[in-house]
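None of the figures in this text is laboratory data; all of them are computed from the coordinates on show. What you see is a predicted model, and the numbers here were worked out from it, not measured in a lab. Cβ placement follows ideal geometry from the backbone for every residue including glycine, while neighbour counts extend to all protein chains displayed.
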There are 2 protein chains.
Amino acid sequence: MPRGAALDGNALRTRRTVERILAESLRLFNALGESNVTTGMIAGALEISPGNLYYHFRNKERIVEALFRQFESRIDVDPRPSGDAAQAIEDLWLYLHLMLEAIWEYRFLYRNLDDLVARNRKLREVFNRIIDRKLAAVESLCADLVRSGAMKASRGEIGALGKNVLVVATYWLNYQSIRERRDDLSAADLGQGAFQVLAIVAPYLQGAAREHLGSLGERYID
Amino acid sequence: MPRGAALDGNALRTRRTVERILAESLRLFNALGESNVTTGMIAGALEISPGNLYYHFRNKERIVEALFRQFESRIDVDPRPSGDAAQAIEDLWLYLHLMLEAIWEYRFLYRNLDDLVARNRKLREVFNRIIDRKLAAVESLCADLVRSGAMKASRGEIGALGKNVLVVATYWLNYQSIRERRDDLSAADLGQGAFQVLAIVAPYLQGAAREHLGSLGERYID
């Protein structure tokens, strides 16, 4: 076997193991809460030795950091700007669903967000980088809507609504899970979250855009 | 000494000890995080014996429950309805400050809200009772503003804005503490929180009420 091929095989096996560790850790963190999961449990669930796990991740915190970076690239998509107002709302609606789905997939991060970022500055910086980008995306989308006449809002109003969009998107699933008295949130809960976020933007929309949003939201109004 | 007076003295001493335990626990929970504080640390800080503490509170969870109930009665105030639109906004502004100050005072509850209510159903019910009352207060206040002509919003819009008001008020201090990269929030952060909550209501306000809000919020817009 040529030397290069053997190295590739090792590199692939290493990458595969890292991926399995991350996937299993994510599953366990989400199911049991990150603080209730040990590296021993992760190694046990994967039927690998603790030594093998430590070879890839020095400790549990390194796994959490890797998952946070994975989440960061997972949600690094921006809503597409669109000339048509109704289409822009439809795009935004879809985009919010994608964001909330990603948050749901990595929900252990959000469930313990304040603890995680308080104990680890690296994680706090990742989170703040995510928020900075999302704030910029919301503000630029609103500026587009204002230019096309689909939205009427001052710079100050857009600044305040941007922050509120981020607070509601960040904490919606936590709030909903307490309110609904259950952990097993569903697609309907994500839809309600997207609707709540859009409700912050809605009163600034004009004409067709606002009507279109109204029809999207009808089933989420109780 | 007459027997009644002796009993009163005991009852007073008991109540005084309970109050001291709760005040010291609150201080330690806020400063170090509830999960990092033991009943031994609380007893030590008060220079009382662990046995004395256990006599009043069987375990730490009972202390957390008592503090949550204390918080519940602390924030059980409703915004006063008012005929005058500008005055109603002024009252709402003050009311939001009071609410956020109370949350800040008992911030350990909010910092670990999701963990606390996940592990203890009694706490989840207290929290939901608080939210139910606050939702009703916001909706009734909005209905008043609609009746007086200071607000223009449908029932569905009021329902959605009520939930957003609660999500932002509940999680604002957590969000702000991550964003500002510091734990020592100040009066200005509470003001910003009140402004963010009002920004959800603002676009539905009409005429004088909206202008009055604009002038209140000017210093919080960056």
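Quick one: if the Förster radius is 60 Å, what FRET efficiency do A:Asn36 and B:Asp84 give, using the C-beta to C-beta distance and rounding to 0.05?
Details: r = 53 Å, r/R0 = 0.89.
After rounding, the FRET efficiency stands at 0.65.
Give the distance, in whole Å, between the Cα centre of region A:19-82 and the Cα centre of region A:171-195.
23
Which order results if A:Thr170, B:Thr17 are arranged by neighbouring Cβ count within 10 Å, fewest first?
Numbers: A:Thr170 22, B:Thr17 16.
Result, fewest neighbours first: B:Thr17, A:Thr170.
Which of the GluC sites (Glu not before Pro) found in region B:1-78 are loop residues per DSSP with 14 or fewer other Cβ atoms within 10 Å of their Cβ? Could you put the intermediate results ahead of the total?
Details: sites: B:Glu19, B:Glu24, B:Glu34, B:Glu47, B:Glu61, B:Glu65, B:Glu72; in loops: B:Glu47.
Taking region B:1-78 and a limit of 14 other Cβ atoms within 10 Å, the loop GluC sites (Glu not before Pro) found are B:Glu47.
Where the Cα atoms of region B:3-58 are projected onto their three principal axes, how long is each span, largest first, in whole Å?
43, 19, 18
Based on the Kirkwood radius over alpha-carbon pairs, what value in µm²/s does the Stokes-Einstein equation return for the translational diffusion coefficient of chain A at 25 °C and 0.890 mPa s? Mind showing how you got there, number by number?
Values: Rh = 19.5 Å.
In µm²/s, the coefficient is 126.
Three principal axis extents, largest first, for the C-alpha atoms of the protein assembly as shown, in Å?
Ordered largest first, the protein assembly as shown gives principal extents of 100, 61, 36 Å.
From the phi of every residue in region B:120-131, what ³J(HN,Hα) in whole Hz does the Karplus formula 6.51 cos²θ - 1.76 cosθ + 1.60 yield, where θ is phi - 60° and glycine or proline is x?
9, 4, 4, 5, 4, 5, 4, 4, 5, 5, 4, 5
Taking only C-alpha pairs under 8 Å that are 6+ residues apart, what is the relative contact order of chain B in percent? Intermediate results must be reported in sequence, preceding the final value.
Values: 161 pairs, mean separation 42.5, N = 222.
Dividing the mean separation by the residue count of chain B yields 19 percent.
Can you list the trypsin sites (Lys or Arg not before Pro) in region A:13-89 that are in a DSSP coil and have 11 or fewer other beta carbons within 10 angstrom?
Numbers: sites: A:Arg13, A:Arg15, A:Arg16, A:Arg20, A:Arg27, A:Arg58, A:Lys60, A:Arg62, A:Arg69, A:Arg74; in loops: A:Arg58.
Those that pass, being in a loop and sparsely packed, are A:Arg58.
Using the Karplus curve 6.51 cos²θ - 1.76 cosθ + 1.60 with θ = phi - 60°, what ³J(HN,Hα) values do you get for each residue of region B:156-172, in whole Hz, with x for Gly and Pro?
Each residue of region B:156-172 in turn: x, 5, 5, x, 5, 5, x, 4, 5, 4, 5, 5, 5, 5, 5, 10, 4 Hz.
I'd like the mean, over residues of B:116-128, of how many other protein chain beta carbons sit within 10 Å of each residue's own Cβ.
On the way: counts 1, 4, 5, 1, 0, 1, 0, 1, 4, 1, 0, 2, 4.
Neighbouring Cβ atoms belonging to other protein chains average 2 per residue here.
Using only atoms on other chains, find how many Cβ atoms lie within 10 Å of each Cβ of peptide A:194-201 and report the average. Provide the component values of the computation, followed by the final result.
Working: counts 0, 2, 5, 2, 1, 8, 7, 1.
The per-residue average across the peptide is 3.
Filter the cross-link list B:Lys60/B:Lys122; A:Lys134/A:Lys163; A:Lys134/B:Lys134 down to pairs whose alpha-carbon distance in this structure exceeds 19 Å. Mind dumping the intermediate values first?
Details: B:Lys60/B:Lys122 14 Å; A:Lys134/A:Lys163 10 Å; A:Lys134/B:Lys134 29 Å.
Listed pairs above 19 Å: A:Lys134/B:Lys134.
Apply the Karplus curve 6.51 cos²θ - 1.76 cosθ + 1.60, θ = phi - 60°, to the phi angles in region A:185-195 and return the couplings in whole Hz, x for Gly and Pro.
5, 10, 4, 5, 5, 5, x, 4, x, 4, 5
Just to confirm the number: angle between the C-alpha axis of helix B:85-105 and the first principal axis of chain B, 0 to 90 degrees, nearest 10?
30
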